[in-house]
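The values are calculated or read from the model by the stated rules, or taken from the named source; none is laboratory data. If you're wondering where the values come from, they're calculated on a predicted model, not measured in any experiment. Neighbour counts are summed over all protein chains in view; Cβ atoms, including those assigned to glycine, are modelled from backbone coordinates with ideal geometry. Ligands, DNA and RNA are stripped out before the accessible areas are found, and what is left, the full protein with its side chains, is counted by its heavy atoms. Shrake-Rupley method; radii C 1.70, N 1.55, O 1.52, S 1.80 Å.
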Amino acid sequence: MAEEAKSLNFIEHIIEDDLKEGFNKEGLRFRFPPEPNGYLHIGHASSICLNFGLGEKYSAPVNLRFDDTNPVKEEQAFVDAIKRDVEWLGYKWDEVRYASDYFQQLYDWALVLIKKGKAYVDSQPSEKIAEQKGTPNTPGTESPYRNRSVEENLSLFQQMKNGDFKEGEHVLRAKIDMASSNMLMRDPIMYRILHKAHHRTNTDWCIYPMYDWTHGESDYIEQVSHSFCTLEFAMHRDLYNWFLEQVYDPNKVKPKQREFARRNLSHTVVSKRKLLRLVEEGVVKGWDDPRMPTISGLRRRGYTPDSIKNFAKTIGIAKRDNLIDVSLLEFHAREDLNKKAPRIMAVLNPLKVVITNYPENTDEYLEAENNPEEDVLTYRKVPFSREIYIEQEDFREEANRKFFRLKLGGEVRLKNAYIIKAEKAVKDDQGNIVEVHCTYDPLSKSGSGTPESQRKVKGTLHWVSIPHAKEVEVREYDRLFTEAEPDRHEGKDFLEFVNPDSLRIVKGYVEPSVETAKEGDHFQFQRIGYFNVDRDTTHEKLVFNKTVGLRDTWAKIDSK
C-alpha cells in the first residue's frame, strides 16, 4: 500500500483524500472540456490522458463536453476533429455534451441572480469597464449602472436576449466585489451580445455566456465531481465557486476545481491562436500538417496513440509549468514503433551498383524477417538482382579504417543477401560517381550456413533491387522552429524562427512488398528511420512521411 501511495500524483491524492473523507466513489465523474475553435494539440493530449485515465482508474464516467460559447471562432469541423482525436487515442466518453445544451438553464439562472440583486446590466463600453476594474494594488470603481433596479435589469436583459440591441451596447455583470484582491471577482461579465450564428443553435440566441459563468455551472449540471484545468485558471477558482454557490443544492454533488501545470513542448508552439496563424499564413498546410503539434498532425506524421500516452505518462502531472524537450516525445515514438513497425528496405539517395559477376536477366527472392522484436518471427520475400541501389553516402572511393561501408577494394554485406566487393567507380563528365561495379561471393548468401556466409565483414548495407524497386515520394520532416522557445523572444515574432528546412521532399525507392500499403501503415526503413503512409497516397504514387529517425540527431546539434 505504501508503494502504491508513493506512485500517486497530486491529483490522485486529492481524489483519494475525498474518498477517505466520505465522498461516495459512485459519485466520481470527470470531464474533458475542449473549446471547438481549433484542433487539439499535444498539451490537450496530457489533459485527455489525465481525465480519461482517472475514469479508467476509478471506473468512473467521463464526459466529452464542448465549451461552445463563442460562435465567432467555433465550427462543427473542429467538433468532429476533436472527437476523432479522442477516439484515436483509444478513449471512450460516457456522454457527449455541449455548453450550448445549457443555454436556457444558464439564462434562467442569470434571471435568478438578477432577482437576488447579484447581477446587473452594464451599459458602458468595454474600454470603460476595463478601466474601472482598477489594478492589483488599487480597488476598482463601481459602474454607474451597478445599482439599477431589478425590474430595469430584467427588462434590459430580456431585450438583450431578443436581439433589440447592437453588439457592445450592454453586458450582464455579476455583482460581487469591486475591491476584491482577486480582480476576476470585480463584477465579471456573464453575458455579451453577439449577433452571430452558432454551429448548433443557429440564430436562436443573441446573447452568449462567458466561460467563467458557463464552465462551473456546466460541471454542476453534469454532476462532475472533480474539474481539472491548467494553472492559468487558478485565479478563476474563487469565481467558479462563487457562481456555484448561487445555484447549489446541498443534495447534489458540488464540483471541485483543481489545477495542474501546462506542459509546453520545445521547438514548437501550443497556443491555438499561434497555431491558427501558422495555418492562415501558409507556414504549414493545415491543422493536420505533420509538422504541427496537433494530435491530428502527430497522427499523420506517424505517431501512435501509445507513444503519445506513454509520453504523457512519463512527463506526469505537476504543479509548475515547464518546457519538455521534444526529443522525449520522439523517444517514445521510436520505442513504440520499434516493437510494431515492420522493417523494409528503402533507398532515399540512390547510387547504382552493378554486380558484374551476377547472372544477367536473373533474379532471386531472399528471405527477410519483418520485425526482430516480434514474439513469433515472420518473414517476407525480397527480390535481388544484378543491379541494385544503395545510398550515396554508403560508398567512398577512399576512406579510413573507421568507415565500415563500401569503398574501393573493400567488402560489405548486403542485408539478407551476399557479401560484395567494390572494384570500380564510374563517373560522369563532371567527376561525379554515378555507378559502382562490384563482384559478389555466391557462397556468402545470408542464412545459407556455408563457411562463406559466416565470414565476418564489418559493414552491412540496405539496398533495393532496381528492376523491382517502387518509386515513392518521401517527405522528411524536421522541427518546425529552430529555437526551443520561439515565442519567448521579447520584441520578436515567433514566426521569425520558423525552420526553413522543416520539410524536404525526396524521391526514393522501396522494395515491392509495400506496394499494397495503405494510409497510416508504419514501417521502419532500415538504417534510416520510421515512416508511415500519408493520406496523399494514390494508386499511382505512394507517399511516406518520416516520423522520426533511428537516432536523435538534434542532440549533437544542441550540444554544440
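Excluding ligands, DNA and RNA, the accessible surface per residue across the range 173-244 is 34 Å² with a 1.4 Å probe. Shown for the chain: the carbon plus sulfur share of the solvent-accessible area, taken with all protein chains present and a 1.4 angstrom probe, equals 46%. In this structure, residue 527 and residue 16 have a Cβ-Cβ separation that, at R0 = 51 Å, corresponds to a calculated FRET efficiency of about 0.60.
Computed 3J(HN,Hα) for the range 258-275, one whole-Hz value per residue from the Karplus formula 6.51 cos²θ - 1.76 cosθ + 1.60 where θ = phi - 60°, is 9, 10, 10, 6, 6, 10, 8, 10, 5, 6, 7, 10, 10, 8, 4, 4, 6, 5, glycine and proline marked x. Taking 16 Å as the straight-line reach from the Cα of residue 381, the lysines in range (excluding those fewer than 8 positions away in the same chain) are 415, 445, 470. Take the Cβ-Cβ distance between residue 123 and residue 201 as r, set R0 to 25 Å, and report the resulting FRET efficiency rounded to the nearest 0.05. In this case the efficiency is close to 0.45. Across the chain, Cα pairs under 8 Å and at least six residues apart give a relative contact order of 11 percent. For the range 489-557, the list of GluC sites (Glu not before Pro) that fall in a loop by DSSP and count at most 14 other C-beta atoms within 10 angstrom reads 490, 515, 519, 540. Scattering from the chain was approximated by placing one identical point on each alpha carbon and applying the Debye formula without solvent; log10 I(q)/I(0) at 0.05 1/Å stands at -0.32. Between residue 398 and residue 443, the simple label model (points 7 Å from Cα in the Cβ direction) yields a spacing of 3.4 nm. Both the radius of gyration and Dmax for the range 325-407 are 17.2, 52 Å, in that order, over alpha-carbon atoms.
If you take every DSSP beta bridge fully contained in the chain, what fraction is antiparallel? Give it as a percent rounded to 5. Rounded to the nearest five, the antiparallel share is 65 percent. Using the Stokes-Einstein relation with a Kirkwood hydrodynamic radius computed over Cα pairs, the translational diffusion coefficient of the range 97-150 at 37 °C and a viscosity of 0.692 mPa s comes to 248 µm²/s.
Ranked by the mean number of other Cβ atoms within 10 Å of their residues, highest first, the peptides 424-433, 445-454 fall in the order 445-454, 424-433. Across the range 298-304, coupling constants 3J(HN,Hα) worked out from phi with the 6.51/-1.76/1.60 Karplus curve, θ = phi - 60°, read 5, 4, 5, 5, x, 5, 9 Hz, and Gly and Pro carry x.
Rounded to 0.05, the FRET efficiency of the residue 314 and residue 88 pair, given R0 = 25 Å and the Cβ-Cβ distance, is 0.80. Using C-alpha pairs under 8 Å with a sequence gap of at least 6, the mean separation divided by the residue count of the range 136-229 gives a relative contact order of 24 percent.
Counting only Cα atoms, I'd like the Rg/Rh figure for the range 157-201, Kirkwood definition for Rh. Checking Rg against Rh, the ratio lands at 1.10.
Seen against the Cα atoms of the chain and their longest principal axis, helix 10-20 is set at about 50 degrees.
Taking amide hydrogens as placed 1.01 Å from N in the peptide plane, the amide H of residue 544 sits under 5 Å from those of 473, 474, 475, 534, each at least 5 positions away in sequence or on another chain.
Rg over Rh for the range 225-332 works out to 1.09, both radii taken from alpha-carbon positions and Rh defined as the Kirkwood radius. Amide H contacts of residue 69: none lie under 5 Å away among residues 5 or more positions distant or on a separate chain (H built 1.01 Å from N in the peptide plane; Pro and chain starts excluded). Extension gain, residue 450 to residue 76, is 128.2 nm, computed as 0.36 nm per intervening residue step minus the present C-alpha separation.
Under the combined filter of DSSP loop state and at most 15 neighbouring Cβ atoms within 10 Å, the range 322-418 retains these GluC sites (Glu not before Pro): 360, 373, 374, 397, 398.
Computed as a quarter of the hull surface, the mean projected area of the alpha carbon convex hull for the range 50-192 stands at 11.3 nm². Annotation: lysines with alpha-carbon distance below 28 angstrom to residue 166 (same-chain offsets under eight excluded): 73, 115, 116, 118, 128, 133, 175, 196.
For the range 33-75, the solvent-accessible area of protein heavy atoms averages 26 Å² per residue (probe radius 1.4 Å; ligands and nucleic acids excluded). Of the Cα atoms belonging to the range 413-560, the radius of gyration and Dmax stand at 20.5, 69 Å.
In terms of overall dimensions, the range 391-477 has a Cα radius of gyration and Dmax of 14.5, 44 angstrom.
Using θ = phi - 60° in the Karplus curve 6.51 cos²θ - 1.76 cosθ + 1.60, the 3J(HN,Hα) couplings for the range 439-450 round to 10, 10, 9, x, 8, 9, 4, 4, x, 6, x, 6 Hz; x is entered for Gly and Pro. Less than 5 angstrom separates the built amide H of residue 191 from those of 172, 210, all sequence-distant by 5 or more or on a different chain. With the simple spin-label model, which puts each label point 7 Å out from Cα in the Cβ direction, the residue 142 to residue 155 separation comes to 2.2 nm.
Hey, quick one: spin label on residue 352, modelled 7 Å out along Cα-Cβ, who in the range 504-526 has an amide N within reach, i.e. under 20 Å? Only 507-512 fall inside the zone, counting backbone N under 20 Å. What the Kirkwood sum gives for the range 172-243 is a hydrodynamic radius of 13.7 Å, with every pair of different alpha carbons counted.
Once you divide the Cα radius of gyration of the range 241-287 by 2.2 N^0.38 Å, the number left is 2.03.
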